[in-house]
Amino acid sequence: MLRESPNLKKKIEAILEEMAHSWSLKYIRFVGFFLTKVMKSIYRKVLVYDRIDISHSSIFYPSNGDLTVNSVINEISKKYPILYMPTHRSYADFLLFSYICFHMNLPLPSIAAGIDFLSLNQVASLLRACGAFFIRRSFKNAGDALYWHTFRAYIQTQLRGGERPIEFFVEGTRSRSGKFLYPKIGLLSIALELLLTSQVPDLVIIPISVTYDRTLEEELYAKELVPPKFHPCSGTKPKETTSHLLQGAKRILAQDFGSVYIRFGTPISLKQLCDITNLRMSYSLESKENATILSTPEHLHFINDVAVKVIDEQKRLLVVTPFTIFCLCVVSSVCNNSCISEDACVNIAVSQVIKDIESLSLILGNHSLSHAINGNSIHDEFMEYCKIHKKLVELKNDEVIVNIGNRVTLTQLQHYSNQVFQLIIDVALCCYSENYANFCVLKDLLSKEFVFPNIENKVSFEKAMNSKRVLNERIIHFLKSQTAYFVGFYMNVMHLLTSFPSPFSSLKELIKSIHNQSEVTLDIVQNAIHLMYEKGIVRRSPNTIDFYKLKNFYEQIACMLKNGLYLQPQLSEMMKAKL
């Protein structure tokens, strides 16, 4: 069909003109000089851990034994195409990472960026000259076939040539909530096709974590996530325009955003993973033009497993600050209280905060803790973070004061709380219930809310139970309460679905309507509907709700909760309602 189109060449050229990156060392140096000025203004330090953990038995272990980032990555780049995969928490991610590559003399990447950046005009031209290429957020419709084929060829041509690495985010977009998003596998599947059809000897993924003391967009994210009754900008993402960029830059340049921690993870060989599963056996060079090469459930499952493996490594690399642990304790202590007044505040003694941080740190490990990395005491480190986050907390008479009545502020605290909670979610589920069957039900319920490792539930459960044993009752209560917060919101979403008309107009309108009617943040609504869709409760084409499946799933969770498990108070009445 594509070959019969008389204007095919012109259409492809138009797509490439919009999409393709250019390359100019002059502009790269200019942007690097500008970034240096900006980063010195807003960040105290940018700390790069200059070592990559590689076992002696790995094919990537350097012959000279030099495990510095420069040595490892430059040696790999001489042999194989590289995929840089950083975490994505801020627009600053790709700018910072490219700057670090330039500064450390690493191969500079071509960077996958959203097409909405093109509205930035001159800024977009600068980004393009620095290696950014611009792609649509989604192109699943039949009318996008030409775009898909062009995009696929563009990516694969770059990787085959091995000219430079490609950088993209496995989560697809910025995480507003602070949690890892369920992976998007489109670009990864395109790259993997080259390996499966023997067009490249291997593809090497370098996972990278970028951890911020304070996220540039923290307030913007909170306003997007809170229900509309708490803020008029709820649910809307500001358009990327040059004027908005300049306004935002003006606001942040005078502020203190603390430090940034960047860590490079253990290289992942896609060839080795494929060889373990014998996936390459089913392919030959003759099949390389087949666009549906990775459409079978087995192949999609493999790609998803690879993406989760990347996220697992990114989690291992994350830096946990005393402030994120403090936020977890604060949010957990108030998140299930439905009667908080707008001027409500929480006062916590600094001495108690330090005890809580010490207790929770026992299951995190020193390699992840900022105070251990910086060589500071927990007390000194925490006091510095209170200065960095002075818009969220106040220090007064050896107490930390937090305004929890402001829903935007509380959502910002949740953003930081989620960063550490996702690392100990298995332990939290065991705090909620020590029953293995309940653990499995809870893990299934929250499978779109948190990216769980690809290991057996029994192994996760036993490991989590061992970790739980070192925690005191206060921390166990916090983790139990935080788990109840998520479980309760999922029950709330399911309850609201029962009163929603079927068929509904669109999935987008369904999410918007539930967000408007509830006190559930937008990210949880989206994840809950994603889960309902996967379970066949919410269906598309036609847009309908299977109320029978919804009732059964709801009652499965309700039955578990009625067996004496902790439940947030505002759900007690809802549980009595019939579906």
Q: From (1) under 14 Å from Leu360 (Cβ atoms); (2) out of contact with any Cys (no Cβ under 8 Å at 6 or more places or on another chain), pick out the condition that doesn't hold for Asn435.
A: (1)
Q: Tell me, please, whether a residue that is in a helix (DSSP H, G or I) and closer than 16 Å to Leu328 by Cα can be found in the range 440-453.
A: no
Q: Could you grab me the full set of residues in the range 464-473 that are more than 14 Å from Gln422 (Cα to Cα) and touching a helix residue (DSSP H, G or I) at 6+ places or on another chain (Cβ under 7 Å)?
A: Met465, Ser467, Lys468, Leu471, Asn472
Q: Go over the candidates Ile54, Ile42, Ile28, Ile15 one by one and state the one that is under 18 Å from Ile206 (Cα atoms) and of a type in the set (Val, Ile, Thr).
A: Ile54
Q.
Which residue is surrounded by the most Cβ atoms within 10 Å (Cβ to Cβ), if the candidates are limited to the range 151-194 and must be of a type in the set (Val, Ile, Thr) and either in contact (Cβ under 8 Å) with a residue 12 or more places away in the chain or in a loop (DSSP other than H, G, I, E, B) (or both)?
A. Val170
Q. Which one of these is of a type outside the set (D, E, K, R) and exposed (fewer than 15 other Cβ atoms within 10 Å of the Cβ): Ile476, Ile455?
A. Ile455
Q) With Gly488, Gly536 as the choices, which residue is outside the structural domain of Asp356 (by the TED database) and not in a helix (DSSP H, G or I)? A) Gly536
Q: Could you please find all residues in the range 395-423 being loosely packed, with under 15 Cβ neighbours inside 10 Å and either in contact with a helix residue (DSSP H, G or I) (Cβ under 9 Å, 6 or more places away or on another chain) or small (Gly, Ala, Ser) (or both)?
A: Leu395, Asp398
Q.
Return the residues of the range 59-96 that are surrounded by fewer than 22 Cβ atoms within 10 Å (Cβ to Cβ) and basic (Lys, Arg); say none if nothing qualifies.
A. Lys78, Lys79
(Q) Filter the range 320-363 down to the residues that are hydrophobic (A, V, I, L, M, F, W, C), touching an Asp or Glu at 6+ places or on another chain (Cβ under 6 Å) and under 29 Å from Val210 (Cα atoms) and list them by number. (A) Cys329, Val350
Q: Those residues that are at pLDDT below 85 and either in a helix (DSSP H, G or I) or more than 19 Å from Glu13 (Cα to Cα) (or both), I need them from the range 125-150; list them, please.
A: Arg137, Ser138, Lys140, Asn141, Ala142, Gly143, Asp144, Ala145
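Every residue, every condition in (1) loosely packed, with under 14 Cβ neighbours inside 10 Å; (2) of a type in the set (A, V, I, L, M, F, W, C); (3) at pLDDT below 95; (4) closer than 30 Å to Leu253 by Cβ, yes or no:
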residue	(1), (2), (3), (4)
Lys9	yes, no, yes, no
Ala14	yes, yes, yes, no
Met19	no, yes, yes, no
Tyr27	no, no, yes, yes
Lys40	yes, no, yes, yes
His56	yes, no, yes, no
His103	yes, no, yes, yes
Q) When you scan the range 519-542, how many residues do you find that are out of contact with any strand residue (DSSP E or B) (no Cβ under 8 Å at 6 or more places or on another chain) and either among the hydroxyl-bearing types (Ser, Thr, Tyr) or touching a residue at least 60 places away in the same chain (Cβ under 8 Å) (or both)? A) 12
Q: For Glu219, indicate whether it is under 29 Å from Ser22 (Cα atoms) and surrounded by fewer than 21 Cβ atoms within 10 Å (Cβ to Cβ).
A: no
Q) Name the helices (runs of 4 or more DSSP H) wholly within the range 309-427 that hold at least 1 residues that are among the small types (Gly, Ala, Ser)? A) 322-334, 350-361, 370-374, 407-421
Q) Of all residues in the range 454-467, which are without any contact (Cβ under 8 Å) to a residue 60 or more places away in the chain and assigned to a helix (DSSP H, G or I)? A) Asn457, Lys458, Val459, Ser460, Phe461, Glu462, Lys463, Ala464, Met465, Asn466
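The values are calculated or read from the model by the stated rules, or taken from the named source; none is laboratory data. This is a predicted model, so every value here is computed, not measured. Note: ideal-geometry Cβ built from the backbone for every residue, glycine included; neighbour counts use all protein chains shown.
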